[in-house]
1. Highest mean first, what order results for 125-131, 71-77, 219-225 on Cβ atoms within 10 Å?
2. Within a 10 angstrom radius of the beta carbon, how do His95, His61 rank from fewest other beta carbons to most?
3. Summing +1 for each Lys or Arg and -1 for each Asp or Glu, what net charge is found among the other residues whose Cβ lies under 12 Å from the Cβ of Leu149?
4. In a GNM of the chain with a 10 Å cut-off on Cα contacts, which of Ile215, Ile62, Ile119 has the highest mean-square fluctuation?
5. Spin-label point model (7 Å from Cα, Cβ direction): what's the Lys195 to Ser108 distance in nm?
6. What fraction, in whole percent, of alpha-carbon pairs in the chain exceed 32 Å separation?
7. In deg cm²/dmol, rounded to 500, what helix-only [θ] at 222 nm does the chain give when every DSSP H run of at least 4 residues adds -39500 (n - 2.57) and the total is split over its residues?
8. Two decimals is fine: what's Rg over Rh for the stretch 190-251, C-alpha atoms, Kirkwood radius as Rh?
Amino acid sequence: MGKRRILEKDGTYHAYTRGNDGMPIFPEEIDKVVFLRKLKSLQVEYDFTIAAYCLMSNHLHILIKDNGISLPDIMNSLLDYYAKYFNAKYKHKGHVFEGRFKSKIVLSLLYFVTLLRYILRNAIAAGMTEKIHEYVWASSKKELDFCNLVDFDYIMTKYSEYTDLPFNDFLSNNEHDDMKCKLELHKLTPDESEKLFNDLLAQLTETGRLEELQIEERDKFIQKANYCGISMLEISRLTGLGRKQIKSICSKSEKTYL
């Protein structure tokens, strides 16, 4: 039996991947153009929403709302196409990307805004530029999004619910609430955890009962739940399993679910 894919319907995700063994995946600038044009063609076909993207030399980030379309269908089509292009152009043999793409579900407004800033400031964090709008391969403003991938109205609607601070100030100010913008600080509330837990479980069983899963399926589900942001303490509460058992299950996770 193949691995089950556990995804929210009509969800928003941070999708990301890197070159195999950290190798450069965009040796030339034109390669980034090819990648973005393919992403645009898939967007026209599938009608998904992109909130942000950033292409770095050996990795990439996309903040995407799938609008009910299968995220693996989108990302696998994109990465498979680009891998074939890369191998043909550079006469490269073997994998271009390091395993399957990874993704994290975005459940709260804070996490959405946190990711937005994190992705668009990636080049600054890497020391490639000091000013956010100087890096042309991140969608920090409309003029840089030459393929018209990003729905800036969608971004601003979401952002305005979070703060009235000017968006450019939020992105550009190196000292703006940096602690809140660290991804590891985002924690789901108990209610958010329970909702996500039940939604994920409902995609695996008709009754939404964990007991219906085989042990291997149960453990993969628990790993996925933890990867999506549900703490081990909450998973223990929601499953009735001991904390040590949950910790042991999660420690075996390969963090590759899609």
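Nothing in this text is a laboratory measurement; each read-out follows from the coordinates by a stated rule. Bear in mind that the values here come from a model prediction, so they are computed numbers and not experimental data. Counting neighbours? That spans all protein chains shown, and the Cβs are built from the backbone with ideal geometry, glycine included.
1. Values: 125-131: 10.9, 71-77: 18.6, 219-225: 22.1.
Ranking the peptides 125-131, 71-77, 219-225 by packing returns 219-225, 71-77, 125-131.
2. Numbers: His95 13, His61 20.
Result, fewest neighbours first: His95, His61.
3. Details: positive: Arg37, Lys38, Lys40, Lys142; negative: Asp145, Asp151.
Once positives and negatives cancel, what remains is +2.
4. So, out of Ile215, Ile62, Ile119, the one fluctuating most is Ile215.
5. 1.2
6. Details: 8682 of 33153 pairs.
Value for the chain (Cα pairs over 32 Å): 26 percent.
7. On the way: 10 runs with 114 residues, N = 258.
One gets -13500 deg cm²/dmol as the mean residue ellipticity at 222 nm.
8. On the way: Rg = 10.4 Å, Rh = 11.4 Å.
Expressed as Rg/Rh, it is 0.91.
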